[in-house]
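What follows is calculated from the coordinates using simple rules that are stated; it is not laboratory data. All figures in this text were calculated on a predicted structure; none of them were measured in a lab. Reconstructed Cβ throughout: ideal geometry from the backbone, glycine too, with neighbour counts over all protein chains shown.
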Amino acid sequence: MNYDIKIKGELEKDGLIEFDRFNQITQNTKDIATKSLMLRLGGFSELTPSKIIKQALEIRLSNFTTPSRSESLITIDCDTFEKSLKDIQYNLFKPTEELLKLTPMALVIQSFSAALKEDGDKDNLDKPLLKSLLKFKKNFVTNKEVFSLSNRSSIPEIEIKKEDFKKIESLEDSIPAPCKVIINGKLDEMKYSKGKLVLITSDGNVNSFIKDNSIIDQIVNFMGKEITINGIGHFKPSGHLSFVEILEFFEPGKSDKIFSRRPIAMTTEQQILFHLKEGKNKNSLSEIIGKWPGDESDEEFEQLLKELD
């Protein structure tokens, strides 16, 4: 499938691109595609891709033209993941049908769209991926240049200006900082691979991984059983938990049930929007929306949110 990277503006040398700049454009683009795919496959964009994954991420130069003195057009080709990832079981997840229909370049376009558009899917972004998007800023030689990414048909074109990176910087800064979390749940024995595992809680699955080999050797004995983990929680721009780095675990006591829900790091406004999106107790929500912000304390408002669940 063909894609275009179009550069418009005050270009030097009648639209021609110097080798070092061209190399930087291709490296930045490939890095964004790689991180986006790893985030969707493994829950974290900085996971190292396997040999098969690297082959699936191939992006090939098809053509280069200069339609005008102020325009460069790079045409590239890449395959859908359906050809290369259909039967792969990577870490915890199998690729979704939606992902299989995409290509590496489609992921690049979707990543920029998610970061720049107000209604973009922020759950398909994390801090390392946003940092890679920010590195793309280095490809701009002047403030008047515009990069356009498109595939001419199924995916809407995205235009990127140098000033747009302020919005990406703001989004990256808004992601909650990693913090210590305690979570109680059952280890999914069907989803375990190389230190990466899933904890089933009362309100959904928690993606986790372990760096310490000594912990890995011990935790395998608890597959299919209930445990309580202590670790560092990493969050998405939406405030939802992305994954947990497990530092220690132990057999749960009766009181550990209070930790059986996924932790969140949402602002009050994000929590309200999330409840509305999920369609939870809309009548109660309308009562809060009509009155908020009011005179209630933070503690009282937190209690109102809990009553919606």
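Can you tell me how much longer the chain between Lys13 and Asn221 gets when fully stretched, taken as 0.36 nm per residue apart minus their C-alpha distance, in nm with one decimal?
Working it through step by step, the gained length comes to 68.4 nm.
Convert each backbone phi in the range 33-46 into a coupling constant with the Karplus relation 6.51 cos²θ - 1.76 cosθ + 1.60 (shift: θ = phi - 60°), then list the ³J(HN,Hα) values in order as whole Hz, x for Gly and Pro.
4, 5, 5, 5, 5, 5, 4, 6, 8, x, x, 8, 6, 8
Quick one: dipole size for the range 147-233, taken about the Cα centre, charges +1 on Lys/Arg Cβ and -1 on Asp/Glu Cβ, in debye to the nearest 20.
Charge dipole, the range 147-233, about its Cα centre: 160 debye, nearest 20.
How far is it, in nm, from the label point at Phe250 to the one at Ser154 when both lie 7 Å from their Cα along the line to the Cβ?
A separation of 5.1 nm, rounded to one decimal place.
What distance in nm lies between label points placed 7 Å from Cα along the C-beta direction at Lys211 and Lys131?
1.3 nm
Please work out the Cα convex hull volume for the range 2-174 and give it in Å³ per residue.
111 Å³
Size of the dipole of the range 2-174 about the Cα centre, Lys and Arg at +1 and Asp and Glu at -1 on the beta carbon, nothing else charged, in debye to 20?
300 debye
How much length, in nm to one decimal, is gained on full extension between Glu82 and Arg21, taken as 0.36 nm per residue of separation minus their Cα-Cα distance?
Value of the extension gain: 18.8 nm.
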